[in-house]
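Chemist: Got a structure here, written out as C-alpha cells. Questions coming.
The values are calculated or read from the model by the stated rules, or taken from the named source; none is laboratory data. The structure presented is a predicted model; accordingly, all values stated were derived computationally and were not measured. Positions of Cβ are generated from backbone atoms using ideal geometry, with glycine treated the same way; all protein chains shown enter the neighbour counts.
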Amino acid sequence: MEATQYLENAYIRHRILVERYAKGLYKELKPILVNMRKKLLTKIPEATTSFQRYRLTALLEDIDNVILYGVDKLDKAMFKKLTEFAEYEGQFQAKLFDKIVTVNTVTPSVEQMAIAIKAKPMELLAGHATKKATLESLISEFSKTNRQGIRNAIIGGILSGETSGQITRNINQLVNTRTANQVKALVRTATAHASSVARDEFLQENAGLMEGEKFVAVLDAGTTLQCANLDQQVGEVGSLPRPPLHWGCRSTIVPYVNIDKLLPGIELRRAAQGGTVARGTTYEQWLKGQSKAVQDEALGKGKAELFRGGMKLEKFVDPTGKAYSLFDLKRVEAALESIN
C-alpha cells in the first residue's frame, strides 16, 4: 500500500460524505428557521394599521428580537452538532493514520477542538478580497444582514401602501429563499471549517509524523478558480491556505507522512517527486479510478452508470442531493471502507 495515495483517496472519499452530512445538518436545523419565520409573520398583520404606523420603532424592535432569538438558537444548535462532528473527525484521523504508522497517534480532546472551531479564523474570499472571519462573526453578519433585509421589506411595504397580506407574502418569500439559502451556505461552510480544524488539531498533536502537505480541490463545474489554482500544490506542514477558502468550499489538505514513521511494507512517494498521482490530476480522473461503490455513492447509481459510460462529470454538479446525519456518515463510511 502506498501511504499518500491511501490518505488522498480516504480524504477525498470522506469529503464527499461530509458534504452529505452538511446537507443533513441543515435539515436538522431547518425547523428553527421555520419557527422564526412563523413568529415573524405573526408581527406583520398589524403593520399597516394607523396605530402601528406610530409605533413603527417598537414593531421593528419586535422583529429584531424575533430574529436575534432565532439566530441564537441556530448558533447554539449548530455549534453543538459541529462539536459532535469534530469529535468524530478526530477519531477518523486517528483511524486513518493508525493503519500506516509505527507510533500511537494522539487524538485532540473534544474541548480542544471545540475551542479551536470557535477561535480559529477562516480566510474567505468575498468578492475580490479575502477577509478573516470566525464562526461567531459569520453568524453575527448573517443576523445583521437578515434583520436589515426584513426591516427594509416592512418599511418599504408600509411606505408604498402595501397591505399586511402583501407584506406578509414578501417576508415569507424572503425567509424561504434568501435566508434559507444563506443558512445552507453557513452550515456547509461551518461544517467544512469544523472538519478542517479537527484535522489540523490532529496533525499538530502528531506533528512528528508529517513532512509536508498537499492542497486538493474538487475540480468540477462548481469549483472556484481560487481552489482550482491551488489544486495539487505541495508545501511544508501548515504552509498552504486552509479550507474553507470561500462560502461552500469543498477543498481539503492531504498530509505527507514521514517515511521513517511508516509501518513495514507501506511505501511512500515523496512530495518532491510529484506526489502519488500526476500533478494536476482532476477529481474526475480520480473518480474514474475508484470502485463502483464509491462512484455510486458520489453520483448516485443512475448518474454513476452514465459516468462510467463516458458522460463528463460537469453534468453532475451537486449530484444526488442526499443528506446524511452523523449516524449515516459513520455507517456509510464504514461500509465503503470495508469494500475498499
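Chemist: Just one of GLU162, GLU205, GLU136 is of a type in the set (D, E, K, R) and within 30 Å of ILE259 (Cβ to Cβ); which is it?
Modeler: Only one candidate qualifies: GLU205.
Chemist: Could you list, in sequence order, the residues of the stretch 220-278 that are among the charged types (D, E, K, R), within 30 Å of SER137 (Cβ to Cβ) and either surrounded by 18 or more Cβ atoms within 10 Å (Cβ to Cβ) or modelled with pLDDT under 75 (or both)?
Modeler: Matches in the stretch 220-278: ASP220, ASP231, ARG242, ARG250.
Chemist: Given (1) part of a helix (DSSP H, G or I); (2) in contact with a helix residue (DSSP H, G or I) (Cβ under 8 Å, 6 or more places away or on another chain); (3) touching a residue at least 40 places away in the same chain (Cβ under 8 Å); (4) of a type outside the set (Lys, Arg), identify the lone condition not met by GLN166.
Modeler: Every condition holds for GLN166 apart from (3).
Chemist: Also, I was wondering about something else. So, of the residues in the stretch 114-143 that are assigned to a helix (DSSP H, G or I) and of a type in the set (Ser, Thr, Tyr), which turns out to be nearest to the chain's Cα centre (by Cα)?
Modeler: If we take residues in the stretch 114-143 being assigned to a helix (DSSP H, G or I) and of a type in the set (Ser, Thr, Tyr), then SER137 is nearest to the chain's Cα centre (by Cα).
Chemist: While we're here: When residues of the stretch 104-125 are filtered for being free of Cβ contacts under 8 Å to residues at least 24 places away in the same chain and of a type outside the set (D, E, K, R), how many remain?
Modeler: Result for the stretch 104-125: 5.
Chemist: Would you call ALA180 under 14 Å from the mean Cα position of the chain (by Cα) and in a helix (DSSP H, G or I)?
Modeler: The answer is no for ALA180.
Chemist: Tell me the residue from ILE150, ILE167, ILE171 that is more than 31 Å from the chain's Cα centre (by Cα), under 21 Å from LEU59 (Cβ atoms) and of a type outside the set (Lys, Arg), please.
Modeler: ILE167
Chemist: Quick check: anything in the stretch 125-140 of a type in the set (Ser, Thr, Tyr), closer than 25 Å to GLY208 by Cα, surrounded by 13 or more Cβ atoms within 10 Å (Cβ to Cβ) and out of contact with any strand residue (DSSP E or B) (no Cβ under 8 Å at 6 or more places or on another chain)?
Modeler: no
Chemist: Among the residues in the stretch 77-86, are any surrounded by fewer than 16 Cβ atoms within 10 Å (Cβ to Cβ), modelled with pLDDT of 90 or more, assigned to a helix (DSSP H, G or I) and of a type in the set (Val, Ile, Thr)?
Modeler: No: the stretch 77-86 contains no residue that is surrounded by fewer than 16 Cβ atoms within 10 Å (Cβ to Cβ), modelled with pLDDT of 90 or more, assigned to a helix (DSSP H, G or I) and of a type in the set (Val, Ile, Thr).
Chemist: Given the criteria modelled with pLDDT of 80 or more, buried (at least 21 other Cβ atoms within 10 Å of the Cβ) and under 28 Å from the mean Cα position of the chain (by Cα), does TYR21 qualify?
Modeler: Against the criterion (modelled with pLDDT of 80 or more, buried (at least 21 other Cβ atoms within 10 Å of the Cβ) and under 28 Å from the mean Cα position of the chain (by Cα)), TYR21 qualifies.
Chemist: Do we find a residue being of a type in the set (Ser, Thr, Tyr), touching a residue at least 24 places away in the same chain (Cβ under 8 Å) and more than 28 Å from VAL110 (Cα to Cα) anywhere in the stretch 225-242?
Modeler: no
Chemist: Name the residues in the stretch 146-160 that are in contact (Cβ under 8 Å) with a residue 60 or more places away in the chain and not charged (D, E, K, R), would you?
Modeler: ASN146, ILE150, ILE154, ILE155, GLY157, ILE158, listed by residue number.
Chemist: Could you please let me know if GLU89 is free of Cβ contacts under 8 Å to residues at least 60 places away in the same chain, in a helix (DSSP H, G or I) and among the acidic types (Asp, Glu)?
Modeler: no
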